[in-house]
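Novice: One structure, pasted below without further comment.
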Amino acid sequence: MQTNFQLDRQSVTFTNMRIRAELQDENPLPDIDLFFQARMGNDSLALLAPDMRSLLYKKGDQQTTDGSEPGLTVLRFPELGRQRIKKEIIGAEVTVHYGVGESNGKSTDIVIAEAIVDRFFVDPMEGGTIILGWRVRGKPTGEENGRLTLILGRETTLTVVPPEEKQGSLGLDQ
């Protein structure tokens, strides 16, 4: 299933990090869970589902200062609170933009290939703002893990690229 969830140098908060052992052929290998969240406009709900914005928000009654139509800024169900979203992206490339870009001719960015992005949540707020959160599971190197601990709890910049959807054969080459 193709996903719309894709971020390009999005400002996010790196909220938590958990290192754990994952068994592979009876050998424990380090695996890591990284948790991020971002404050975004509610139009970003389209990253998860095209109709989610109109489900959670309705138009306000007040005219805007420039006379244009009011946007979808009023919560339909203010008592609903944070919502978990069942979505999983397998094989994403996640880049934590780290540092000034290059050091000794090498990029300082931390690239996690073949990552799993899941455990999404949306915390909708009045006025059309949401907090969107998610987990990234992957296998950064030990050196990258150390660098990640230095930015834990801080704002950083993140890029998430979903895997390309493979097209099936049309069966014409028979």
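Novice: Could you compute the net charge surrounding residue 77? Neighbours are other residues with a C-beta less than 14 Å from the C-beta of residue 77; K and R count +1, D and E count -1. Mind dumping the intermediate values first?
Specialist: Numbers: positive: 53, 58, 76, 82; negative: 79, 123, 126.
Combined, the nearby Lys, Arg, Asp and Glu give +1.
Novice: Roughly how big is the stretch 71-152's charge dipole about its Cα centre, with Cβ charges of +1 (Lys, Arg) and -1 (Asp, Glu), in debye to the nearest 20?
Specialist: Values: 11 positive and 11 negative charges, 63 e Å.
I would put it at about 300 debye.
Novice: While we're looking at this one, here's another question. Of the GluC sites (Glu not before Pro) in the stretch 109-149, which ones lie in a loop per DSSP and count no more than 12 other C-beta atoms within 10 Å? Each step should come with its number before you reach the end.
Specialist: Values: sites: 114, 126, 143, 144; in loops: 126.
Passing sites in the stretch 109-149 are 126.
Novice: A further question on this structure: Using amide H atoms built 1.01 Å from N in the peptide plane, name the residues 5+ places from residue 60, or on other chains, whose amide H lies under 5 Å from its own.
Specialist: Residues meeting the amide H criterion: 71, 73, 74.
Novice: If you don't mind, there's one more thing I want to ask. How far apart, in nanometres, would the label points at residue 84 and residue 155 be if each is projected 7 angstrom from Cα along the Cα-to-Cβ direction?
Specialist: The answer from the label model is 3.0 nm.
Novice: Separate question: Starting with the fewest neighbours, write out 55, 132 ranked by other beta-carbon atoms found within 10 Å of each beta-carbon.
Specialist: On the way: 55 12, 132 24.
Lowest to highest Cβ neighbour count: 55, 132.
Coordinate-derived values only; no laboratory data. All figures in this text were calculated on a predicted structure; none of them were measured in a lab. Cβ sites come from the backbone with ideal geometry, for glycine too, and all protein chains shown count toward neighbours.
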